[in-house]
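First up is the structure itself, then whatever we jot down about it.
Where a number appears in this text, it was derived from the coordinates with a stated rule and is not lab data. This is a predicted model, so every value here is computed, not measured. We place every Cβ from the backbone using ideal geometry, glycine too, and count neighbours over all the protein chains shown.
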Amino acid sequence: MNFITSNFGKYDGKSLEGYRKLSDFEALRKTFESGPLAVIEEIKESGLQGRGGAEYPTGRKIEQARIEKGNRKFVICNADEGEPGTFKDRELLKNDIYQLIEGMVIVAYCSNAKEGIIYCREEYDWMHEHICTAILKCKEAGFLGENILGTGFNFELSLFSGAGSYVCGEGFAMCESMEGKSGRPRSKPPYVKQEGYLNYPTLVINVETLSAIAAIMRHGTTQFTDLGTPDCPGTKVISVSGKVNRPGVYEIPFGTTVEEIIKLADGIRGGKRVGFVQIGGASGGILTPDMLNTPFTYRELKSKQVSVGSGAVVVADEGDSIIDFLENVGQFFIHESCGKCVPCREGNRQLEIIMGKFKDKTATLEDLKMYQDILDMMSEASLCGSGRTEPVPFKTGFKYFKSEFLNSIR
Ligand SMILES: Cc1cc2nc3c(=O)[nH]c(=O)nc-3n(C[C@H](O)[C@H](O)[C@H](O)COP(=O)(O)O)c2cc1C
Ligand code: SF4
């Protein structure tokens, strides 16, 4: 299935000429012809929801950004992609940077922003030159900079390299890090859209969301909504990894079942059976083998306490232990917790101690109670989405694999 990734392999991802042969910025030209309000309506009609994890309706988000007033306004492309098991944005940046840039200009035009930044994770430093070159080529050709395509619209774009921190994918932490401070979230309100980078209105938007906007404007909303399911239209780019034969990035229509996704990745290595599947990133929920017929849609996954999240699908086989897996997830969050708020900073440390006891089979019923209390406290009282969503795999893991936990009690 190719909609957002339809240009993959059809041109050398570095060549602006190649991109122009496929699509000479048709999406952007259509945008200028239709005007910002009509384009916002089209994006709303497409049902597109943010692909960075928060799942917020994109059309509404751009409309809200348009209303914000300020001497300066920014659009930031979130290319931080720090969620474990997530590498789909990397492929969109590598194979189709021009579609992404086109999406950014469309969003900037619709939201009245004159300045844009691609915030790219440090670990993708090997792509930084590729991104900068594409920006320069677009500027020389009149797709960026002053008076774009003779419309009088100005938009400057630059690249900012992250510094290897997961939390910098959160909007405020990202703004702080770009301002030269330590990358930690701020309390809300005000929100990033109101007082973000340098305290100006800022629209933070994911790589795939921007790429999807350009693809929708080029091919038409109906072509997008014809795919997927009636309540979850379109396609999703996912990263499949773990114990599958062919890990990689796949574009699927919404409604594809988890079982079909595993088949796309050529099944489980060594002919084994599925043990469990984590969806949406390190803070994503866990599905059991008897839930593999769950369709990959926002609503169906939510009914199992799982969310689409970052689009990561990590598959474990029957030999993998859920407790080892969760211990590993916990270690990631201990490493990445920015330490600003107590529930996440201290909750993670206590969780690590308890997970160690489950692993050694020395846990008590009191530890189990503490495990649940800590998770509730983290999801309710943490300052940012990291601490608030981290309990999801621990809660679903316990819910669906209760016997493994109970067998680990002394
Ligand atoms: C700890 C944390 C890390 C995040 N990391 C990313 C990321 O790497 N990429 C991303 O697009 N969104 C990430 N997000 C979500 C962003 O804050 C934001 O919701 C998103 O970029 C908005 O774009 P969208 O509307 O296109 O989804 C993260 C959120 C949190 C709380
Ligand atoms: S929840 Fe964790 S990552 Fe977020 S602000 Fe608190 S300590 Fe930092």
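Between LYS69 and VAL342, what is 0.36 nm times their sequence separation minus the Cα-Cα distance? Round to one decimal in nm. Display every interim value, and only then the final one.
Numbers: separation 273, 0.36 × 273 = 98.28 nm, distance 3.47 nm.
Here the segment from LYS69 to VAL342 would lengthen by 94.8 nm.
So how strong a dipole does the stretch 322-406 carry about its Cα centre when Lys and Arg Cβ are +1 and Asp and Glu Cβ are -1, to the nearest 20 debye? Don't skip to the answer; put the middle values down first.
Working: 11 positive and 13 negative charges, 19 e Å.
The calculation lands at about 100 debye.
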Legend entry - Full-stretch length increase - ALA54, GLN305 - with 0.36 nm per residue and alpha-carbon distance subtracted: 88.9 nm
Inset, instruction - Note down the relative contact order for the chain as a percent, whole number, built from C-alpha pairs under 8 angstrom at least six residues apart. - result: 16 percent
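Can you give the calculated 222 nm mean residue ellipticity of the chain, where each DSSP H run of n ≥ 4 adds -39,500 (n - 2.57) and the sum is split over every residue, rounded to the nearest 500 deg cm²/dmol?
-13000 deg cm²/dmol
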Inset, instruction - Rank by packing, highest mean first: peptides 341-349, 66-74, 18-26, with packing defined as the count of other Cβ atoms within 10 Å averaged across residues. - result: 341-349, 18-26, 66-74
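Multiplying the sequence separation of ILE334 and ALA163 by 0.36 nm and subtracting their Cα-Cα distance, what value in nm do you get?
On the way: separation 171, 0.36 × 171 = 61.56 nm, distance 1.75 nm.
Stretched fully, the ILE334-ALA163 segment lengthens by 59.8 nm.
Below 8 Å between Cα atoms, with a sequence gap of 6+, how large is the relative contact order for the stretch 237-305 in percent? List each step's numbers first, then the result.
On the way: 83 pairs, mean separation 19.8, N = 69.
In percent, rounded to a whole number, it is 29.
What percent do you get for the relative contact order of the stretch 29-68 when only Cα pairs under 8 Å and 6+ apart count? Walk me through the intermediate numbers first.
On the way: 26 pairs, mean separation 12.7, N = 40.
After rounding, I find 32 percent.
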Inset, instruction - Find which of ILE286, PHE398, THR229 sits farthest along the positive direction of the dipole of the chain, computed with +1 on the beta-carbon of Lys and Arg, -1 on that of Asp and Glu, about the Cα centre. - result: PHE398
Legend entry - Packing-based ranking, highest mean first, of 186-192, 273-279, 334-340, 103-109 given that Cβ atoms within 10 Å are counted: 103-109, 273-279, 334-340, 186-192
Inset, instruction - With unit charges on the beta carbon (Lys/Arg positive, Asp/Glu negative), name the residue among PHE3, GLY70, PHE25 whose Cα is farthest towards the positive pole of the charge dipole of the stretch 1-96. - result: GLY70
Inset, instruction - Mind giving me the nanometre distance, one decimal, between the label points for TYR191 and THR364, set 7 Å out from Cα along Cα→Cβ? - result: 4.6 nm
Legend entry - Residues of type lysines that LYS236 reaches as a straight line, Cα spacing below 22 Å, ignoring anything fewer than 8 places off in the same chain: LYS10, LYS44, LYS61, LYS88, LYS94, LYS263, LYS302, LYS304
Inset, instruction - Have a look at PHE325, CYS344, ILE106 and report the one farthest towards the positive end of the charge dipole of the chain, computed about the Cα centre with Cβ charges (Lys/Arg +1, Asp/Glu -1). - result: CYS344
Inset, instruction - Report the FRET efficiency, 1/(1 + (r/R0)^6), for LEU149 and GLU17, where r is their Cβ-Cβ distance and R0 is 22 Å, rounded to 0.05. - result: 0.80
Legend entry - Most to least packed among 27-37, 239-249 [average Cβ atoms within 10 Å]: 239-249, 27-37
Legend entry - In order through the stretch 363-374: 3J(HN,Hα) via Karplus (6.51 cos²θ - 1.76 cosθ + 1.60), integer Hz, x for Gly, Pro: 6, 10, 4, 5, 5, 5, 5, 4, 3, 5, 5, 4
Legend entry - Under 16 Å between alpha carbons - lysine pairs in the stretch 322-406 that sit 8 or more apart or on different chains: 8
